[in-house]
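Chemist: Take a look at this one; I'll ask things after.
The values are calculated or read from the model by the stated rules, or taken from the named source; none is laboratory data. Not measured: the values here are computed from a predicted model. Here Cβ is always computed from backbone atoms with ideal geometry, including for glycine, and neighbour counts include all displayed protein chains. Ligands, DNA and RNA are excluded from the accessible area calculation, which covers all protein heavy atoms including side chains. Shrake-Rupley method; radii C 1.70, N 1.55, O 1.52, S 1.80 Å.
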Amino acid sequence: MNQNIRNDCSANNMNLLEERLKRYEDEAGQISITSTLIDRVSYLRKNRENDVSKAIINIEGSMIFDLCFVLDCTDSMSDHIEAAKEHILKVASYVNSNNSNIKFWVGFCGYRDHSDHSDRLQIFDFTNSLEKFKTYITNKVTAKGGDDFPEDVLGGLNAAITEMTWSNVTRILFHIGDAPPHGHRFHINLYDDFPDGDPNGLTAESVLNEIIGEFPVFDLMTTGYSPEALVNKFCKATSSAIFSSITLTTTLRNSKIIYSLQRKKLQIDPHEPDWTTHPEKTGKLLCYIPPKTLAEVKDEHYFINSSFIEQDISFKLAPQPFSVGAERYAYFALDTSLGRANKLVIKKYHNKIDTIEKYLESVEISNIAYFFSTKFNIAAKRAGINKKVTFIDVKVLYDKIDDAYYSVENYINNAKFKKFNANNGLITEFHSILEAFAHFTYKYTEGYLVVYDLQGVNLRNEFLLTDPAIHCVDLLRFGKTNLGKSGIQKCFLAKHKCKDICKKLKLNSDILEGHCYENEIGELKKT
């Protein structure tokens, strides 16, 4: 980078625009440096249209997934097998009610132990008929067999992975059991007929090596051995796995990138460091004046033409990230300016993007989302809806010592962050106010954009959100996450249940068309 912060801030508007165009060209593949500005923009728009078309096809493919239940079917699992049978129906109902565009094929692989011979494995291959699946597990799956304490866990997992007909891009395997695999490496002082490990030579590494993605684990003991509590926990865990898998597949495109992200997650440290052992840094905070009108929001050059507000800052930065997402690492930080000790969250892109322009784009998106949240909250309050939607203030931080840029926001104490809906239109945790907010942004801008990918903290009187995405008809705004009109439509394909709130806001939801229609747009604009 090797450029002074003062030079960045005093650079003329064309420098920022040029930097943005160069970034887009790098993402798309370079074009001739002798091309005119009009030719370059035209090329980039065409390229983005092709990318969006491919992304939408990828998203649609990822919305069809294979879900396989691998279940310990030995005697000790009797009560829990009945719970598992009920579980799949609850999962199907939950997924279908909130995301009608998601379709899945479901299969089953039961396992017992080596002493059960022909009954050791029980496979029901994938079907898209829930009725057939229900009939099979209700009538054919029973608890029996088993001998020593460990069971043929590796044999069951291996059979599910290698003997079943996996066909969709998004694949989820859900393992339910109450005993470890054979081999002393998996347990201590348990009676085991095969203490040296699986008699067929299977190892955890050979079976699980090709699996990429999340490995959530939960303990039955936390349910108090209650089948009803177990069903609810299964349903939540499976639904979370489904949504995480689809989001990973649609966002990261291929298994190599997904694997890379999973490797990055191994590098995180979730604990706040001992700040007394870390040096103090100096830098500058840069922020924009938020837009005040819809015309300023729609002006593609508003933020490029705006000047920055600067503020000196002293801070400390954790050496390792505490979280990692599809694009950025998140680090603990501490604002030590003027004797303060305010906690911060600092975010940095994976691919070492150190230009100010990319980080300013994230601030631009945050500012626009904040603009719409203020308009929405006014309209919602008039309609008797008292829970607000608020976006965390985001700034750009320039680190003078390391000559690097970050985005920075205040740390929210004791907050449990959740993803409520995703950039691909997937609803991961339904909240009618948030879906109504997305509809509102679409109608307030007369179809120009929609703010989605809503994530953050659900407080009693407020949704406190961060890192939104914007789909816009102008494909050269808001970065790679912008899927244009197709992205806008994708956000409205699910069966929304926010009719009551939309009605209060003078928005009508037309579910068949997948769009919102407003009776009196003038009423909203008066707010």
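Chemist: Restricting the first residue to the range 156-183 and requiring it to be free of Cβ contacts under 8 Å to residues at least 60 places away in the same chain and within 28 Å of residue 60 (Cα to Cα), which pairs with a second residue that is among the aliphatic types (A, V, I, L, M) and surrounded by fewer than 20 Cβ atoms within 10 Å (Cβ to Cβ) meet a Cβ separation below 8 Å and a spacing of at least six or different chains?
Modeler: So the pair list comes out as 161/211; 163/123.
Chemist: While we're looking at this one, here's another question. So is residue 89 at pLDDT below 80 and either among the aromatic types (Phe, Trp, Tyr) or surrounded by fewer than 19 Cβ atoms within 10 Å (Cβ to Cβ) (or both) or not?
Modeler: yes
Chemist: Could you grab me the full set of residues in the range 440-479 that are part of a strand (DSSP E or B) and among the aliphatic types (A, V, I, L, M)?
Modeler: Once the filter is applied, which keeps residues that are part of a strand (DSSP E or B) and among the aliphatic types (A, V, I, L, M), the range 440-479 yields 449, 450, 451, 457, 464, 465, 469, 470.
Chemist: Going through the range 133-154 one residue at a time, which ones are modelled with pLDDT of 90 or more and under 32 Å from the mean Cα position of the chain (by Cα)?
Modeler: 153, 154
Chemist: Name the residue that is farthest from residue 337 (Cα to Cα), counting only residues in the range 267-294 that are in a loop (DSSP other than H, G, I, E, B) and of a type in the set (A, V, I, L, M).
Modeler: 268
Chemist: Next question. For the range 50-81: of the residues being of a type in the set (Asp, Glu) and modelled with pLDDT of 80 or more, which is surrounded by the fewest Cβ atoms within 10 Å (Cβ to Cβ)?
Modeler: So the residue we want is 75.
Chemist: Looking at the range 158-195, which of its residues are touching a Ser or Thr at 6+ places or on another chain (Cβ under 9 Å), open to solvent by 20 Å² or more (accessible area, probe 1.4 Å) and among the β-branched types (Val, Ile, Thr)?
Modeler: 169
Chemist: Tell me which residues, restricted to the range 391-406, are aliphatic (A, V, I, L, M), in a loop (DSSP other than H, G, I, E, B) and within 24 Å of the chain's Cα centre (by Cα).
Modeler: 392, 394
Chemist: Go through (1) crowded, with 22+ Cβ neighbours inside 10 Å; (2) over 30 Å from residue 61 (Cβ atoms); (3) of a type in the set (Gly, Ala, Ser) for residue 110 and report which single condition fails.
Modeler: Condition (2) is where residue 110 drops out.
Chemist: Anything in the range 416-439 that is in contact (Cβ under 8 Å) with a residue 24 or more places away in the chain, in a loop (DSSP other than H, G, I, E, B) and open to solvent by 30 Å² or more (accessible area, probe 1.4 Å)? List them, or say none.
Modeler: 416, 417, 423, 430, 431
Chemist: Give the residue that is surrounded by the fewest Cβ atoms within 10 Å (Cβ to Cβ), with candidates limited to residues of the range 363-390 that are free of Cβ contacts under 8 Å to residues at least 60 places away in the same chain and under 27 Å from the mean Cα position of the chain (by Cα).
Modeler: 374
Chemist: Can you tell me which residue in the range 324-343 is nearest to residue 467 (Cα to Cα), limited to those that are assigned to a strand (DSSP E or B) and open to solvent by 50 Å² or more (accessible area, probe 1.4 Å)?
Modeler: Restricting attention to the range 324-343, the residues satisfying the condition of being assigned to a strand (DSSP E or B) are 324, 328-335, 342-343.
With open to solvent by 50 Å² or more (accessible area, probe 1.4 Å) added as a condition, the list becomes 342-343.
Values: 342: 21, 343: 18 Å.
Filtering the range 324-343 for residues that are assigned to a strand (DSSP E or B) and open to solvent by 50 Å² or more (accessible area, probe 1.4 Å), the one nearest to residue 467 (Cα to Cα) comes out as 343.
Chemist: Restricting the range 306-321 to residues that are closer than 18 Å to residue 402 by Cα and not in a strand (DSSP E or B), which is modelled with the highest pLDDT?
Modeler: Ranking the candidates gives 318 first.
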